[in-house]
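The values are calculated or read from the model by the stated rules, or taken from the named source; none is laboratory data. The model shown is predicted, which means the values in this text are computed figures rather than measured ones. Here Cβ is always computed from backbone atoms with ideal geometry, including for glycine, and neighbour counts include all displayed protein chains. Note: areas computed on protein heavy atoms with side chains; ligands, DNA, RNA excluded. Shrake-Rupley method; radii C 1.70, N 1.55, O 1.52, S 1.80 Å.
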Amino acid sequence: VASALLIEEGMVLDTRRYLNSLWRACKATGRATLHRVRVESLAGLEEEYGQYEAIIIAAGSSANMLPELQGRLPLTPCKGHVVHLR
């Protein structure tokens with residue numbers, strides 16, 4: 001490695017494992033339902049799926065594409081590669 005950048009607050013997250021664990025935790029409450037659908041707005045979700053207490057949006061930086069969230073989350077899309085060294 002010719003150079004490196006240390007971001008002390010940075011994290012590496014295995015998103016597949018994280019989301020699977022998150023779903024298992026939600027499901028264990030007995031009050032969660034998973035809908036794998038493309039959502040372009042949060043406005044119609046209650047009409048489509050009924051009343052809810054919370055919504056988990058697993059869209060990464062694309063969450064800013066939802067009208068209700070635009071400019072409200074500190075997300076910046078970036079392109080790059082992650083290399084794990086052991």
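Quick look at the values:
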| item | result |
| --- | --- |
| Filtered residues of the stretch 40-49 (kept if out of contact with any Asp or Glu (no Cβ under 9 Å at 6 or more places or on another chain), at pLDDT 85 or above and in a loop (DSSP other than H, G, I, E, B)) | Glu40 |
| Subset tally (residues that are under 26 Å from Pro67 (Cβ atoms), hydroxyl-bearing (Ser, Thr, Tyr) and surrounded by 10 or more Cβ atoms within 10 Å (Cβ to Cβ)) for the stretch 19-49 | 2 |
| Top-ranked residue in the stretch 56-68 [being at pLDDT below 85 and open to solvent by 60 Å² or more (accessible area, probe 1.4 Å); ranked as nearest to the chain's Cα centre (by Cα)] | Ala58 |
| Residue list for the stretch 7-32, restricted to those being assigned to a loop (DSSP other than H, G, I, E, B) and more than 16 Å from the chain's Cα centre (by Cα) | Ile7, Glu8, Glu9, Gly10, Thr29, Gly30, Arg31, Ala32 |
